[in-house]
1. Rounding to the nearest 20 debye, state how big the charge dipole of the chain is about its Cα centre with +1 on each Lys and Arg Cβ and -1 on each Asp and Glu Cβ.
2. So for the stretch 8-136, Kirkwood radius off the Cα pairs, Stokes-Einstein at 20 °C and 1.002 mPa s: how many µm² s⁻¹?
3. If I model a spin label at ARG75 and LYS3 as a point 7 Å from the Cα along the Cα→Cβ vector, what separation in nanometres do I get?
4. Taking only protein heavy atoms and a 1.4 Å probe, what accessible area per residue, in Å², does the chain have with all protein chains in place?
5. What residues have an amide H closer than 5 Å to that of ILE102, excluding those fewer than 5 places away on the same chain, when H is modeled at 1.01 Å from N in the peptide plane?
6. Using 0.36 nm per residue, how much length does the chain from ALA61 to ASN116 gain when fully extended, once their Cα-Cα distance is taken away?
7. Say R0 is 22 Å: what FRET efficiency, to the nearest 0.05, do VAL86 and ALA13 get from their beta-carbon distance?
8. With axes computed from alpha carbons, what is the tilt in degrees of helix 57-78 against the longest principal axis of the chain, rounded to the nearest 10 within 0 to 90?
Amino acid sequence: MKKEDCIFCKIAAGEIPSKTIYEDGQFRVILDLGPATKGHALILPKGHAANLYELPDETAAEAMKLAKKMALRLRDRLHCDGLNLVQNNGETAGQTVSHFHIHLIPRYEGDGQKINWVPSQPSQDELEAVRKEIAD
Ligand code: AMP
Ligand code: ZN
């Protein structure tokens with residue numbers, strides 16, 4: 001997709017209005033239009049990167065620092081009981097907007113949301129085979 005057609009580029013640049021809760025030179029943090037819970041926010045880098053694979057290292061580092069800052073703010077202002085960071089890459093993983101973003105999802109006791117997977121039960125040999133595929 002061309003950068004010119006990217007909705008999150010336009011939102012990050014302020015060309016499309018959004019419910020902004022934080023902005024600096026590199027990032028805009030907005031409220032998700034379809035929030036999982038009260039305060040569900042998205043960290044958007046102003047520079048276009050489709051996903052984590054394409055994100056410059058420095059932006060990745062700054063994005064995680066900002067995630068921490070915003071997590072503390074959500075906790076302190078909304079008094080959430082927990083918080084999930086979610087970051088999807090690729091359609092298979094649930095990515096619907098091809099501009100890197102981090103979800104900050106405040107969690108409240110009894111909120112009924114599920115950000116979960118079904119655990120499998122591999123043998124030690126199966127785990128070891130996978131480890132060998134990935135480890136240096
Ligand atoms: P993902 O599935 O990780 O790509 O997440 C995309 C998220 O962006 C979803 O949670 C949508 O609700 C949210 N979203 C899509 N368009 C907008 C928009 N214009 N403003 C705010 N949030 C949006
Ligand atoms: Zn973009």
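The values are calculated or read from the model by the stated rules, or taken from the named source; none is laboratory data. Quantities reported herein were computed from a predicted structural model and do not represent experimental measurements. Every residue, glycine among them, receives a Cβ derived from its backbone with ideal geometry; neighbour counts consider all protein chains shown. Protein only, heavy atoms only, side chains kept; ligands, DNA and RNA dropped before computing areas. Shrake-Rupley method; radii C 1.70, N 1.55, O 1.52, S 1.80 Å.
1. Numbers: 17 positive and 20 negative charges, 133 e Å.
Using Cβ point charges on Lys, Arg, Asp and Glu, the chain gives about 640 debye.
2. Details: Rh = 16.3 Å.
Answer, rounded: 131 µm²/s.
3. Here the modelled spin labels are 3.6 nm apart.
4. Values: 9230 Å² over 136 residues.
Per-residue accessible area for the chain comes out at 68 Å².
5. Residues meeting the criterion, in which the H sits 1.01 Å from N, are ILE43.
6. On the way: separation 55, 0.36 × 55 = 19.80 nm, distance 2.55 nm.
Residue separation times 0.36 nm, minus the Cα-Cα distance, leaves 17.3 nm.
7. On the way: r = 24 Å, r/R0 = 1.08.
About 0.40, to the nearest 0.05.
8. Roughly 80 degrees, rounded to the nearest 10.
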